[in-house]
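Here the structure is laid out as structure tokens; the discussion comes afterwards.
The values are calculated or read from the model by the stated rules, or taken from the named source; none is laboratory data. Just so you know, these numbers come straight off a predicted model, no measurement behind them. Note: ideal-geometry Cβ built from the backbone for every residue, glycine included; neighbour counts use all protein chains shown. Surface areas here come from the heavy atoms of the whole protein model, side chains and all, with no ligands, DNA or RNA. Shrake-Rupley method; radii C 1.70, N 1.55, O 1.52, S 1.80 Å.
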Number of protein chains: 2
Amino acid sequence: MVYGAIEAGGTKILFGVGDDNGRILDYRTIITTTPAAAMSSICEFFKRNPVEGIGVGSFGPVDVHLTSPTYGQLTTTPKIPWQQFNWVHHLRERLDVPVYVDTDVNAAALGESRWGAAVGFRNSVYITVGTGVGAGIIAEGRVVHGLIHPEVGHLLVRKHPNDSFEGICPFHQDCLEGLASGPALAERWGVKGEHLAEHGIAWDMEAYYLAQAVVSLMLILSPEKVIMGGGVMNQPQLMPKIRSQVVHLLQGYLCHPQITERIDDYVVPPALGHLAGLKGALALVLERCSSS
Amino acid sequence: MVYGAIEAGGTKILFGVGDDNGRILDYRTIITTTPAAAMSSICEFFKRNPVEGIGVGSFGPVDVHLTSPTYGQLTTTPKIPWQQFNWVHHLRERLDVPVYVDTDVNAAALGESRWGAAVGFRNSVYITVGTGVGAGIIAEGRVVHGLIHPEVGHLLVRKHPNDSFEGICPFHQDCLEGLASGPALAERWGVKGEHLAEHGIAWDMEAYYLAQAVVSLMLILSPEKVIMGGGVMNQPQLMPKIRSQVVHLLQGYLCHPQITERIDDYVVPPALGHLAGLKGALALVLERCSSS
């Protein structure tokens, strides 16, 4: 059986077909412009490649509550042409297959938990640090949605003593995203993250903020694996700094060998590489189709 | 059918029998001294009141992983005579019934979710603020354990600008528990919480710290209900202050009527009163016995 997967990001959309072993058999990439343009490419592809159902990992905010009348609908996204666009309605109408939608980070978390870095664990977190900061959470084997869905990017963090930057979050100014997202890095230092000196204070600060988020996630959820991806995490010096900050901030309080002895195997990069989002969307449709 | 419930706290232990509608039919209270003294009273009671199984909501740290060889065992508790005491071994040996153990806060969260303030919700949090600060979490219908178990009391919070108190946590000094637990209040102000002026800055600070924890829980878990209990929460002026601080800290970012319009019905006191812990332990044994 073949399933469809769509990874809809703010800059590009990937869509393809895969099997129930998590193999992506074929896929395409388009630039995110308007819903009309995207739907035309996507539907043409799936008409040539029929599938049992489609999973969508979408940028948000998006209604991810299966029983809601607006399930699959984007809400207050700053991408104007996409406001109120509903993945489920549009794809079902044109392709007549079941469609399941979750946030891009939840899909990625699900993919990593099924075939990636968190295989075999009932509790894991996937954090992405890029244009925004977000997290997908698996708690006791289930993707966490809750009242709305997790919004980890807006956690309130302690300011680094040497950081005089005010932050760029339009809601909270100096929340996690306001201080540690890619655009915050660029604004604070006047250059993009990839052009910053490898050993400068910039990365110590960045690690200090991201480690606080990891520590909050650990204290609240006690995950068995913390996965960190996204554009900003591509800087290889960042991950080791985050790990040491996590250990430092905890001060030995969470006493488990996974944390005290094997932190390198506890806070880790994604295992699914550049197809993580697409595989996550595939995991989403597989989970739903097999449980219904 | 009649089930046993034990609520083991640092100062007292309640034990009793209840039915599957959450009614406590009979119970006793003893002071927490030694395991030998407690086991003698408890076992005598359950020999006279036979039960199908026993649920224990225990102070911790305690091993709550059902498949662990040390399931039900207290570990590094500061209560020396209780170190390494194992609820499951001792109760099973003497009473020959199944025994299920969880943290006191997880049991309370489960009880509130089954018969109390969070009935009908798949996502809720029970926070207790007393000698320590802790939380029990239900995510997508399941009690969260994870790698160890949640340790919300040690969340790192932002210092209130007018607070010069250093905090009393032996690990982190000024984490949530270090700044906002009952003993922290007493140490900062020189008098116990119940003797502090009702309208003073003390309660604004307390609300500022506790609201930060609520906000972190909301951003990470998106609960449908937040329940706050424990000795410190008995001050009636505290809850309204926490609610306004939560709304203030979020700055309108989590846009849901439950938060923006009905916060009084979102952050709430426990509904099960003084038997919450015992009913939680009852909920625990009922859940396990019905799923096995």
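Before moving on, here are some points about what is shown:
- Annotation note: of B:T11, B:T34, B:T75, B:T67, the sole residue that is in contact with a helix residue (DSSP H, G or I) (Cβ under 8 Å, 6 or more places away or on another chain) and surrounded by fewer than 16 Cβ atoms within 10 Å (Cβ to Cβ) is B:T34.
- Filtering region B:179-190 for residues that are away from chain A (no Cβ under 14 Å), part of a loop (DSSP other than H, G, I, E, B) and either touching a Pro at 6+ places or on another chain (Cβ under 7 Å) or surrounded by 21 or more Cβ atoms within 10 Å (Cβ to Cβ) (or both) leaves a non-empty set.
- Just one of the numbered conditions (1) surrounded by fewer than 20 Cβ atoms within 10 Å (Cβ to Cβ); (2) in contact (Cβ under 8 Å) with a residue 60 or more places away in the chain; (3) not charged (D, E, K, R) is not true of A:P81: (2).
- Odd one out for B:T131 among (1) assigned by TED's automatic domain parsing to the domain that holds B:R188; (2) buried (at least 20 other Cβ atoms within 10 Å of the Cβ); (3) under 21 Å from B:P269 (Cβ atoms): (2)
- Options B:L254, B:L249, B:L210, B:L221: the member that is in contact with a Gly (Cβ under 7 Å, 6 or more places away or on another chain), within 14 Å of chain A (Cβ to nearest Cβ), crowded, with 20+ Cβ neighbours inside 10 Å and within 25 Å of B:P150 (Cα to Cα): B:L221
- The one condition from (1) at pLDDT below 95; (2) surrounded by fewer than 14 Cβ atoms within 10 Å (Cβ to Cβ) that B:S40 does not meet is (1).
- B:R243 being under 29 Å from A:T103 (Cα atoms) and away from chain A (no Cβ under 14 Å): yes
- Residues located in region B:257-292, provided they are out of contact with any helix residue (DSSP H, G or I) (no Cβ under 8 Å at 6 or more places or on another chain) and open to solvent by 70 Å² or more (accessible area, probe 1.4 Å): B:E261, B:R262, B:H274, B:S290, B:S291, B:S292
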